[in-house]
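To start, the structure itself, in structure tokens.
The values are calculated or read from the model by the stated rules, or taken from the named source; none is laboratory data. Being a predicted model, the structure only gives us computed values, none of them experimental. Cβ sites come from the backbone with ideal geometry, for glycine too, and all protein chains shown count toward neighbours.
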Amino acid sequence: MHDVIVSGSGPSGSLAAALLAGRGHEVLMLEEAHHPRKKCCAGGLLVRAQRSIGAPVPERLVERRLKAVRLVRGKESVELRSDGEIALTIRRERFDQWLADRAIEAGAALQEGVEVRGAVSSDKKVVVETSGGTEDGRVLIVADGALSKCSDRLFGKCPPGLIAMGGALEADCDAADDAMEIQLLSISNGLDSIPPACAIFPKRSGCTVSFVARGVGGGRMQKVMTDALEAYAARHGRAEAVDACFHPIPLAPRPRLVNGRCLALGDAAGFASPFSGEGLSNAMLSSVHAAEAVHRALLEKNASPLSRYIDDCHDKILHQSEIAGTVGRNISRLLNRHGAMRLARAAAGDSRLTEAYIGLLTGDASAEEVATASLSALPRMLMQLRRH
């Protein structure tokens, strides 16, 4: 019997496997695809996500290191620059391969081309049904993405009205600088976008345009991203669209995170940020909390310590996401009422607020600190807007 079976070898599954194997537990990873596999993702890896890995990302995987966020609307722009790095860009197929290799190096086993179809948890073990038969384990970690049928059965479905669509448009373009560009969209365009913006991530050669929205078809999403790419090209030079892909993004957690001896991680748990749609940061953090809870459950030889994972996720992920979502909705209302660039300039003029937002990207500030800084800066910002 395996100590731990992990369904999925994406970032959250591979990190949890590496942490548990590194503590001496016998870990089996089951992956439906084969590495390196294509993954629809903009490829932005925030510093706060990197911190959960516990090791630097190899330079060979780094496309570009980012030190600024540039807010753009038309010909106007405002830049928030950090003294240090706030993110780096990666190619997910190579990044995911590296994380899976790290888990194997730590002692985990990986079986590719195996679909996990379901599981039955009892007092002593979990019987996992796969396309190749059954596997027995003391704990099952489900980390196989937002469309996980196994998670649907074990933990309940994500709320249907809170599942967004994420789009990523790959492009060939002239080399840009070290800024992640946020193109602010008109609130009156009828798009339920999260946030009301397109994000553009520069790569070593090229860039990726990202857009997240609810209730919008792929054709309209691609039009929004293509328009953003054309605006980017007007400022930075040549840019040609290469390929677009789309994927579901859960903006709310499943009804349960733990069922007996089974845990859900990352997108399979519904941990994407309702503020931005970004999922890697919470996915990696959920892996750290899951590994700690599973380690204790295996040491104590009972499943009760797994409840610690629920508490940690509510405290460190879901509570923070709820605050971030509230901040995001209020920012959208302010953008609509006072004008995107006027508000952006007023916000950029407040050093405490800028430091808080940069800190949210690097992991040096919590959502509560961002909310506090926003509330503190709001009266001054509104007075400044009225004067102009």
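From the set of residues in region 119-140 that are acidic (Asp, Glu) and over 26 Å from Gly270 (Cβ atoms), which is surrounded by the most Cβ atoms within 10 Å (Cβ to Cβ)?
Going residue by residue through region 119-140, those that are acidic (Asp, Glu) are 123, 129, 135-136.
Those still in the list that are over 26 Å from Gly270 (Cβ atoms) too: 123, 136.
Numbers: Asp123: 8, Asp136: 12.
Per the stated criteria, the residue is Asp136.
Can you tell me how many residues within region 272-315 are within 10 Å of the chain's Cα centre (by Cα), of a type in the set (S, T, N, Q) and assigned to a helix (DSSP H, G or I)?
The total comes to 2.
What residue, among those in region 141-152 that are assigned to a helix (DSSP H, G or I) and buried (at least 16 other Cβ atoms within 10 Å of the Cβ), is nearest to the chain's Cα centre (by Cα)? Can you show your working first?
So the first thing to find is which residues in region 141-152 are assigned to a helix (DSSP H, G or I), and the list is 149-152.
Right, trim to buried (at least 16 other Cβ atoms within 10 Å of the Cβ) and you get 150-151.
Details: Cys150: 21, Ser151: 18 Å.
Here the residue is Ser151.
Yes/no matrix, rows are residues, columns are (1) in contact (Cβ under 8 Å) with a residue 60 or more places away in the chain; (2) charged (D, E, K, R):
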| residue | (1), (2) |
| --- | --- |
| Glu79 | yes, yes |
| Ala108 | yes, no |
| Ala119 | yes, no |
| Glu129 | no, yes |
| Gly156 | yes, no |
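Could you tell me which numbered condition Ala55 fails, if it satisfies all but one of (1) at pLDDT below 95; (2) over 16 Å from Ser287 (Cβ atoms); (3) out of contact with any Leu (no Cβ under 9 Å at 6 or more places or on another chain)?
(2)
Based on this model, can you work out whether Glu129 counts as assigned to a helix (DSSP H, G or I) and either of a type in the set (D, E, K, R) or not assigned by TED's automatic domain parsing to the domain that holds Val6 (or both)? Steps first, please.
Details: assigned to a helix (DSSP H, G or I): no; either of a type in the set (D, E, K, R) or not assigned by TED's automatic domain parsing to the domain that holds Val6 (or both): yes.
The answer is no for Glu129.
Does Arg73 satisfy the condition of being under 19 Å from Leu45 (Cα atoms) and either outside the structural domain of Glu26 (by TED's automatic domain parsing) or at pLDDT 95 or above (or both)? Walk me through it before giving the result.
Working: under 19 Å from Leu45 (Cα atoms): no; either outside the structural domain of Glu26 (by TED's automatic domain parsing) or at pLDDT 95 or above (or both): yes.
Against the criterion (under 19 Å from Leu45 (Cα atoms) and either outside the structural domain of Glu26 (by TED's automatic domain parsing) or at pLDDT 95 or above (or both)), Arg73 does not qualify.
Which of the residues spanning region 207-219 are part of a helix (DSSP H, G or I) and crowded, with 16+ Cβ neighbours inside 10 Å? Walk me through it before giving the result.
So the first thing to find is which residues in region 207-219 are part of a helix (DSSP H, G or I), and the list is 218-219.
Once the filter is applied, which keeps residues that are part of a helix (DSSP H, G or I) and crowded, with 16+ Cβ neighbours inside 10 Å, region 207-219 yields nothing.
Give the residues of region 30-61 that are exposed (fewer than 15 other Cβ atoms within 10 Å of the Cβ) and charged (D, E, K, R), sorted by residue number.
Lys38, Glu59, Arg60
Scan region 240-248 and give yes if some residue there is within 20 Å of the chain's Cα centre (by Cα), closer than 26 Å to Ile86 by Cα and in a helix (DSSP H, G or I), otherwise no. Before the answer, list the steps.
Let us first name the residues in region 240-248 that are within 20 Å of the chain's Cα centre (by Cα), namely 244-248.
Now narrow it down to the ones that are closer than 26 Å to Ile86 by Cα: 244-248.
Then keep just the ones that are in a helix (DSSP H, G or I); that gives none.
No, there is no match, as no residue in region 240-248 is within 20 Å of the chain's Cα centre (by Cα), closer than 26 Å to Ile86 by Cα and in a helix (DSSP H, G or I).
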